[in-house]
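The values are calculated or read from the model by the stated rules, or taken from the named source; none is laboratory data. Small disclaimer: the values here were computed from a predicted structure and weren't measured. A quick note on method: Cβ atoms are made from the backbone with ideal geometry, for glycine too, and the neighbour counts reach across all protein chains shown.
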């Protein structure tokens, strides 16, 4: 059940709009349809019809086309005992349906029983609760733009007033919490990645330095036949570039394989497609980063190799 705010979004089909506290109206969609489950809840449909419908769905039985119909005479005049949060009161009263209306637009809310604000006041009086200023009001904008309009209106209303309307955007709070959790996880992952990059850079530098030590005589021969210091640097730089290229390609292949596996699992379990994506641009950037790190890590050992004296290098073995 929902409060009937305005007659504008609806078109009367039978009876009249609710006016007093004990009057209700049934709201159907633009095609004059009402869900069978809601009809059973409002005691407008026989339970056996709903049970048969559920049984056929659960046992993959072909559903018979057509709808269960209700005449307006069956609906108008039907009464309900009014209570608050499931509690009944000695002076509780009955409210009856006085009309059936349909939503004018397809996206307008429908499929419920609507009551007037007078019904709320009468229930509060019957329950002994204060029917003055409400503690809170819940608003449900249909779109993000509508929500921004509501927030802008409230901000403008609060300007220069001592007693202000305080509001809370539940959706924004949820999104903020999710973003905080994602950022925290991202920081932890960045820390692990940074540590792994530092360790891998050190290991690349050590491997290149060991390669320089093992090839001291080779360096001496290159210098003896006329190779310059820059040529020696280029030899070891080419090796580091090849190492970075191979390492980057292996990493890209592994990452792409993991993305495919994750997408397959999530699609099968949660019916969400392409939750992880790995583009060619990202692959190229990762390969370039890998090459850059290896070149940087091998720069010092390559520079030391170029500075070796040719005579001392030839006498090393």
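For the stretch 109-134, which residues satisfy the criterion of being at pLDDT 70 or above and assigned to a loop (DSSP other than H, G, I, E, B)? Full working, then the answer.
Taking the stretch 109-134 as the starting set, the residues that turn out to be at pLDDT 70 or above are 109-125.
Answer for the stretch 109-134, where residues must be at pLDDT 70 or above and assigned to a loop (DSSP other than H, G, I, E, B): 109, 110, 111, 116.
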Could you say whether any residue in the stretch 30-44 is in the same structural domain as residue 109 (by TED's automatic domain parsing), assigned to a strand (DSSP E or B) and either at pLDDT 70 or above or surrounded by fewer than 13 Cβ atoms within 10 Å (Cβ to Cβ) (or both)?
no
Residue 164 modelled with pLDDT under 85, assigned to a loop (DSSP other than H, G, I, E, B) and under 30 Å from residue 10 (Cβ atoms)
no
Give 303, 279 a once-over and let me know the one that is in the same structural domain as residue 212 (by TED's automatic domain parsing), out of contact with any helix residue (DSSP H, G or I) (no Cβ under 6 Å at 6 or more places or on another chain), closer than 28 Å to residue 240 by Cβ and surrounded by fewer than 11 Cβ atoms within 10 Å (Cβ to Cβ).
279
Taking the condition outside any loop (DSSP other than H, G, I, E, B), free of Cβ contacts under 8 Å to residues at least 12 places away in the same chain and within 26 Å of residue 205 (Cα to Cα), does residue 285 pass?
yes
Just one listed residue, out of 189, 139, is more than 30 Å from residue 296 (Cβ to Cβ) and free of Cβ contacts under 8 Å to residues at least 40 places away in the same chain, and it is 139
Residue under question is residue 191, and the condition is that it be surrounded by fewer than 15 Cβ atoms within 10 Å (Cβ to Cβ), under 48 Å from the mean Cα position of the chain (by Cα) and not assigned by TED's automatic domain parsing to the domain that holds residue 299; does it hold?
yes
Over the stretch 250-276, the set of residues surrounded by 12 or more Cβ atoms within 10 Å (Cβ to Cβ) and assigned to a loop (DSSP other than H, G, I, E, B) is 275, 276
